[in-house]
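The values are calculated or read from the model by the stated rules, or taken from the named source; none is laboratory data. Please read all numbers here as calculations on a predicted model, not as lab measurements. Here Cβ is always computed from backbone atoms with ideal geometry, including for glycine, and neighbour counts include all displayed protein chains.
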Amino acid sequence: MKIEKIKGFRDHYPEDMEVRNYFFKKITNAAENFGYQLIDFPSLEPLDLYRLKSGTELVNQTFSFTDKGGREVTMIPEATPSTVRLLTARKDLPRPVRWYSFPKVWRYEEPQEGRFREHYQFNADMFGLDSEESDAEIVGLASSILDYLGLSGVYEININDRFLMEYILKDLGIENIPDAFSIIDKYKKIDRNSFIEAFRGIGAEGDEIKKILSLLNEKVDTGNLERKVKKVVKNYEEIKPRIERIKKTFDLIGLYTESPINYDFSIVRGLSYYTGMVFEAFDVKGELRAILGGGRYDDLSKLFTTDRIPAVGFAIGDAVIELLLKRQNLWMKRNIKKSYYICNLSSVDEDYIIKIASRIRSLNKIAIVDMTHRKISSQMKSASGFDFAIIIGEREFEENTLTVKNMKTSQQSIMGYDDFLLQLRGDD
Ligand code: HAM
């Protein structure tokens, strides 16, 4: 019997992990430069954690089961509820709290370009502030990460505001907001007639549906946002303060990035816990699924405490990022640490060789010792791809020297051990 890998899951070989890790470090480095701190949590959580606030769509996608103790548990499909649990369990943290995490998450989705059943997901969240500044910092961090990865010019960020959307929908007489959001969330995936039918299904009339469609049909800047909302709502003055907040947020985001930031009424997000600003980033060509997504979720803390703790954050999956980096020809191995391959011709004494390897490693460089006892030509073949080959034979051992070959320039020289150490320090 041949046992196959499970559908939608990936194996990762060293050549891919090396490149992936390089970009993961860039992402976490950017977050740390913004003052975000790493947290972690279990990969298995009670299913109820998602039932109440994440929404049925996500719950239907979980890898969930009943454990041997009869508990309904699930492999985590996202990080946000766990993150909020950690936060609410600590009353002593000075706010705002800035946290990031980089778990694997699992979703039973149809595997397709940029979507798997298991993926790495970087999360960044800020707790304790409900303001334009905190909304802008989160979008600013998301765009700074994409810029830092080398993706400027390749992506755009589309923003909406659930508070505004809810106001507009209610103003149009639509009361079933969760269903209205879930129809709007499908706006780009279903045809116009199905969209209209779905809204009729929750009691909306032709005129109201027309108004909703007039909002969704194009992305706009904040000036046009005002114009569009004025045309649709009965009393603009009532919602004006929210429009002012959105405008201010956009102005602040502009201080973080030069990338295009649009107002897009069709972005409402699939998860139900969002309460304010919501956003997603897409490739400008519009070929791929969302690169990242997030928003404000001020009520999720109520799962764990009576306090309402303002929260805003986002998550980036590794899959679409990898596709984009490959399209930009950025997905390549980079030799960040200098590497040394030590050819071992002396079968007499390995002390000297291990001592050299340890010194190299102590300076945070890579050293591999050949252990095969093959002839020099075979060992040198293994050294290709390294920065340097070091050859240690009987003579080098006896004279306390090393033969060092620069594999890029093919220059070779014999050096005393102390001279080699001096050169090693200045190698970077
Ligand atoms: P989400 O939009 O469900 O949000 O997922 C965030 C990102 O994870 C997506 O934009 C995408 O890059 C990636 N992603 C989602 N599903 C898959 C999949 N099946 N395969 C590969 N990548 C995927 C959340 O999960 C929220 N918890 C984000 C958040 C954090 N909101 C506030 N803080």
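Numbers below:
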item	result
Some residue of the stretch 375-386 being within 16 Å of R425 (Cα to Cα) and among the hydrophobic types (A, V, I, L, M, F, W, C)	no
Residue that is farthest from the chain's Cα centre (by Cα) [pool: residues in the stretch 355-369 that are among the charged types (D, E, K, R) and over 16 Å from N335 (Cα atoms)]	K355
Qualifying residue in the stretch 61-74 (condition: within 25 Å of the chain's Cα centre (by Cα) and closer than 22 Å to A31 by Cβ)	no
Boolean, S339 is exposed (fewer than 15 other Cβ atoms within 10 Å of the Cβ), modelled with pLDDT of 95 or more and closer than 30 Å to E399 by Cα	no
Whichever residue in the stretch 203-229 is in contact with a strand residue (DSSP E or B) (Cβ under 9 Å, 6 or more places away or on another chain) and in a helix (DSSP H, G or I) and, among such residues, is surrounded by the most Cβ atoms within 10 Å (Cβ to Cβ)	L225
Within the stretch 256-339, strands (runs of 3 or more DSSP E) holding 3 or more residues that are within 16 Å of the ligand (Cβ to nearest atom)	277-283, 292-296, 311-317
Within the stretch 113-139, tally of residues that are surrounded by fewer than 19 Cβ atoms within 10 Å (Cβ to Cβ) and more than 9 Å from the ligand (Cβ to nearest atom)	6
Close pairs from the stretch 305-316: first in the same structural domain as L129 (by TED's automatic domain parsing), partner more than 12 Å from the ligand (Cβ to nearest atom) and basic (K, R), Cβ under 7 Å, at least 6 apart	R308/K302
Only one of V232, V268 that is under 20 Å from S131 (Cα atoms), crowded, with 17+ Cβ neighbours inside 10 Å and not acidic (D, E)	V268
Search result, residues across the stretch 22-43 that are more than 9 Å from Y100 (Cβ to Cβ) and either assigned to a strand (DSSP E or B) or aliphatic (A, V, I, L, M) (or both)	A30
Breaking point among (1) at pLDDT 95 or above; (2) farther than 30 Å from G294 by Cα, for I353	(1)
Pairs where the first residue, in the stretch 232-246, is within 22 Å of I209 (Cβ to Cβ) and the second is among the small types (G, A, S), C-beta under 8 Å, 6+ apart	V232/S214
Residues satisfying the stated conditions in the stretch 168-202, i.e. assigned to a helix (DSSP H, G or I), within 20 Å of A290 (Cβ to Cβ) and either touching a residue at least 40 places away in the same chain (Cβ under 8 Å) or in contact with a Gly (Cβ under 9 Å, 6 or more places away or on another chain) (or both)	F181, S182, I183, I184, D185
Filter result for S82 (within 13 Å of the ligand (Cβ to nearest atom), touching a residue at least 40 places away in the same chain (Cβ under 8 Å) and more than 19 Å from E110 (Cα to Cα))	yes
Members of the stretch 370-384 found to be free of Cβ contacts under 8 Å to residues at least 24 places away in the same chain and outside any helix (DSSP H, G or I), listed by number	T372, R374, K375, S384
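Yes/no matrix, rows are residues, columns are (1) within 10 Å of the ligand (Cβ to nearest atom); (2) at positive phi; (3) crowded, with 19+ Cβ neighbours inside 10 Å; (4) of a type in the set (S, T, Y):
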{"site": "D67", "(1), (2), (3), (4)": "no, no, no, no"}
{"site": "L87", "(1), (2), (3), (4)": "no, no, yes, no"}
{"site": "K91", "(1), (2), (3), (4)": "no, no, no, no"}
{"site": "W106", "(1), (2), (3), (4)": "yes, no, yes, no"}
